Structure formats: C-alpha cells, structure tokens
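Chemist: Okay, here's the structure, questions in a sec.
The numbers here are math on the coordinates, done by the rules we state, and not lab data. Predicted model only: the values in this text are computed from it and were never measured. In this analysis, Cβ positions are derived from the backbone assuming ideal geometry, glycine residues included, and neighbour counts consider all displayed protein chains.
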Amino acid sequence: MFHRFKDYFQFSKAERVGVISLVIMIFLLIVIKQSLIYYSPAFSSEIQTFDSLSAQLNRLKQIEIEDKIRRDKAELAKIENFNPNTFEISDWQELGLSERQAQVIKNYQAKAGDFQSKRDVKKMFVISDALYAEISSHILLPDTVPKKETKKHYVKKWETKPRVYPKIKINSADTAEFKKLNGIGKALATRIVNYRNELGGFRSKEQLKEIWGIPEETLLRLDTQLILDVINIERINVNESSIEELKAHPYIRWKVANSIVKYRKQHGSYLQLEDLKESVLITDSIYDRIIPYLEL
C-alpha cells in the first residue's frame, strides 16, 4: 500500500520541469506586482509634471499670439499718409489685403479711373469697414467731391435716356426685383433668393460673394443699387435641432453638426452659446461665422 501511495509523488523529467517553471512564473508575478506598487507614485508624479509642462507650453503659445496681435496693431498704427491712386498690388497687400482683393481694386481703377475721394475708396467691396476705419485718416484725398454745376441739357427727340436701375433691398426683394438689376438674370436672381433663405438672411453685402456665378465686377457695379435692409435673422436652436437641421445651414458641415448634437447628448443642454467652443471642430473662425445664426 505504501508503494501504491508513493506512485502519486513520482514525477517524470518533463513534469518536474513544468512544476519548476510554474513556481518561477508565480515568483515573477509576485515581484512585478510589488514593483508596480513601489513605482506607481513616481509614475503619477511624472504625469502631473507632464500636465504642468503642457499647460505652461499652451500659455506661452497664447502669449505669443497676443504679442503678434499687438505687433500687428502697432504696425498698422505706423501707416503713413498715402494716395491710393499710386498704390500697387504689393502696397495694398501690406495693408492686409490678399493679392486677389488687391487685383480687384486695380481692375476697378482700370475701368472706372482713379479715386476722386475717400468715399470712393470706402465703396470698394474688398475693403472691410474695420480696415477703412484704420486707414481713412491717412488717405490723401478729400472726403467727398463737390458736385459741379452743369448746364441744363435739352434732350432731343432722337436721344435715348440712360436706363435707371432701381435700388433693391437684398433681404426682402424677390426674384422679379433682382432681375431688374443690371447683369442679374433669372438664374442668378433665383440663386440669390435661395441662398438667402438657406442662410436665414444676409448680414452683409459681402455674403453675396459666396454665391456661385456672380463676378466680383458685377457686385462692384451693383454696390450702390443694393441696400442691406435690417431684418430679424432666422436662427437655429442648438438645444432642439437635429443633425440634419443643423447641417442644412450653408455654414455648418455634417461633422460640426454632429459634434454639436453629440456634446449636447453627453453634457445636457447648452447653457450659453460659448459652450460650442468646447468642440475641437469649432474653431474661432467657424464660431464667429455661425454664431449669428444660432440661439438657445
């Protein structure tokens, strides 16, 4: 019977190697566990140090951006008095315009002639109100050109009177009214009205440049005939709208619409529109562009 019991404790060479390997693995696991417990505080400390360095780096970047803005403003303040009629494309670019915008000004001068007053410069489509406010005091032109007295001109029977185009309110005019403008046909008139409805209303004349098929020269020619009438912009409720309703707006792509709805589902209703900036997809430029068309 003892010999029979002893048989249970006899191992082959392969079995002995397996038992020894198992013991070594258990020992290694115990050592690794103890090592993790020992080094985990140091690892946590390193994470905190990394977060601190990352925050400092972001702050340095913000300071650099603020310094650049201050330098740009300082450079703009150093503008010398100038005559826009002698400006080349590079001169306009130094004031902050793109090469394409500067070319539009040169094209206008080639067709309409030199600027006669500051008012003529202000009419330029590509010069924003903010830029004009900065440079207006440096323009070596009178504010306006006084009207010259002209003798009465008697129209002969065979002479035709020049066609007078009406002034159009861009936020309330229909397609029939837009078709009365010089250079605007049925297709463009329909395109303008449709885009206005998709936006919820025009906030500036410059938004007309976003409509396909309207040359900048045509918009320059029509500038005095277009009136930006004040209306209540149609806004989209970010707490109630679906992804489909949001992305229907020309300024909101599907990814941005999805980000807005996803954040709302995760964090609840938006308490203020600035919370939209929590999405990495909504940059400052996108935020400034869409915010007039959103509400809570």
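Chemist: Within 10 Å, Cβ to Cβ, of V126, how many net charges do the neighbouring residues add up to if Lys/Arg are +1 and Asp/Glu are -1?
Modeler: Summing Lys/Arg as +1 and Asp/Glu as -1 gives 0.
Chemist: Could I ask something else about it? I need the Kirkwood Rh of the range 84-138: take the reciprocal of the average 1/r across all distinct C-alpha pairs and report it in angstrom.
Modeler: Details: mean 1/r = 0.0887 Å⁻¹.
Taking the inverse mean of 1/r over all distinct Cα pairs, the range 84-138 comes out at 11.3 Å.
Chemist: What nm value, rounded to one decimal, do you get for the distance between T175 and I291 when each label is placed 7 Å out toward the C-beta?
Modeler: 3.6
Chemist: Can you tell me the FRET efficiency between L57 and S137 if r is taken as the Cβ-Cβ distance and R0 is 45 Å, rounded to the nearest 0.05?
Modeler: That gives a FRET efficiency of 0.65.
Chemist: Cross-link list K123/K247; K61/K265; K169/K255; K123/K205: which exceed 23 angstrom alpha carbon to alpha carbon? Intermediate results must be reported in sequence, preceding the final value.
Modeler: Details: K123/K247 34 Å; K61/K265 32 Å; K169/K255 34 Å; K123/K205 12 Å.
Result: K123/K247; K61/K265; K169/K255 exceed 23 Å.
Chemist: A follow-up question, please. Work from the charge dipole of the range 168-247 (Cβ charges, +1 for Lys and Arg, -1 for Asp and Glu, about the Cα centre) and give the residue of Y195, S241, I184 farthest towards its positive end.
Modeler: I184
Chemist: Separate question: Less than 12 Å Cβ to Cβ from D284, Lys/Arg counted +1 and Asp/Glu -1: what total charge do the surrounding residues give?
Modeler: Neighbourhood net charge equals 0.
Chemist: Also, I was wondering about something else. How large is the charge dipole for the range 236-295, taken about the Cα centre, if only the Cβ atoms of Lys, Arg (+1) and Asp, Glu (-1) carry charge, to the nearest 20 debye? It would help to have the intermediate numbers written out before the result.
Modeler: Values: 8 positive and 9 negative charges, 59 e Å.
The dipole of the range 236-295 has a size of about 280 debye.
Chemist: Report the Stokes-Einstein translational diffusion coefficient (µm² s⁻¹, integer) for the range 165-265, Rh taken as the Kirkwood radius over Cα pairs, at 4 °C with viscosity 1.567 mPa s.
Modeler: Diffusion coefficient, whole number: 87 µm²/s.
Chemist: Right, something else. Under the 0.36 nm per residue contour assumption, what length would be gained going from the current alpha-carbon distance of E244 and L29 to full extension?
Modeler: 72.0 nm
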